[in-house]
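Q: Here it is: the structure, laid out below.
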Amino acid sequence: MQIPRSARNGVIYALLILAFGVAVPAAKGLGFFDPTLLAAYACLGTIFAGPAAAHKFGERPTSFGQAMRWIVRAVLFGELIAIAMLACGVATVYYTSRGAFFPPDLVTLGYSLWLGLAACLALASLAAWITIEFSARAARLALRLIFVGLLVLYYLRGAWLTDVAEPGILICLMAAVAFATLLRHALRKP
């Protein structure tokens, strides 16, 4: 008997949320509220939104409106997982700190969440355009290269993440518009 793909994916996402929403915050304790770590968590949706868009765009949308709906669904999917990890992480630290709890910096976290949302939109739009223009495999390869680059950047300059959140939001939104424009042109081709 073969397990359906959706059930298998659900188990994988649940395990990821348990690992990064419970195990890591429990190990970090109050250190989980480091603004740089929370900012990275707020941007984790990109890991899920881009590939979800590449997968969905394996079939060609019938219109640009349908393409944008697919992109928005991929972004919401990625952000839902990122927010679930963050919420579980905060709840885990609250539960395990036994009264020594203090909330994270909500302003910085808010900007980080907006950055994560904008980055999800940019990467999902990029994945959609590359899939339509080339292939889903090319999109996944491009996303992997981007993720490795972002991981190296975070490792080398992670402390800057909270400082660049505001301009990063604008840059990601401009990139999303550019990729959506390229997608619109690609969809006009026969």
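Q: Out of the range 56-79, which residues are among the aromatic types (Phe, Trp, Tyr) and outside any helix (DSSP H, G or I)? Walk me through how you get there before you give the answer.
A: The initial filter retains those residues of the range 56-79 that are among the aromatic types (Phe, Trp, Tyr), namely 57, 64, 70, 77.
Result: 57, single match.
Q: Further question on the same structure: (1) touching a residue at least 24 places away in the same chain (Cβ under 8 Å); (2) within 30 Å of residue 135 (Cα to Cα); (3) not in a loop (DSSP other than H, G, I, E, B): which one isn't true of residue 109, the others all being true?
A: (2)
Q: Test each condition in (1) surrounded by 22 or more Cβ atoms within 10 Å (Cβ to Cβ); (2) closer than 18 Å to residue 124 by Cβ for residue 70 and report the one that comes out false.
A: For residue 70, the failing item is (1).
Q: Could you grab me the full set of residues in the range 11-33 that are surrounded by 13 or more Cβ atoms within 10 Å (Cβ to Cβ) and not hydrophobic (A, V, I, L, M, F, W, C)?
A: Result: 13, 21, 25, 28, 29.
Q: May I ask you to list pairs of residues, at least six apart or on different chains, whose Cβ atoms are under 7 Å apart, with the first in the range 81-97 being of a type in the set (Ser, Thr, Tyr) and the second being outside any helix (DSSP H, G or I)?
A: Close Cβ pairs satisfying both conditions: 94/101.
Q: Picking from 151, 187, which residue would you name as being assigned to a helix (DSSP H, G or I), in contact with a Pro (Cβ under 8 Å, 6 or more places away or on another chain), closer than 27 Å to residue 58 by Cα and modelled with pLDDT under 95?
A: On the way: 151 fails: in contact with a Pro (Cβ under 8 Å, 6 or more places away or on another chain).
Answer to the check: 187.
Q: Going by the conditions given, is residue 27 without any contact (Cβ under 8 Å) to a residue 40 or more places away in the chain and hydrophobic (A, V, I, L, M, F, W, C)?
A: Values: without any contact (Cβ under 8 Å) to a residue 40 or more places away in the chain: yes; hydrophobic (A, V, I, L, M, F, W, C): yes.
Taking the combined requirement at face value, the residue satisfies it.
The values are calculated or read from the model by the stated rules, or taken from the named source; none is laboratory data. Worth saying up front: this structure is predicted, and the values here are computed from it rather than measured. No Cβ is skipped: glycine too gets one built from the backbone with ideal geometry, and neighbour counts run over all protein chains shown.
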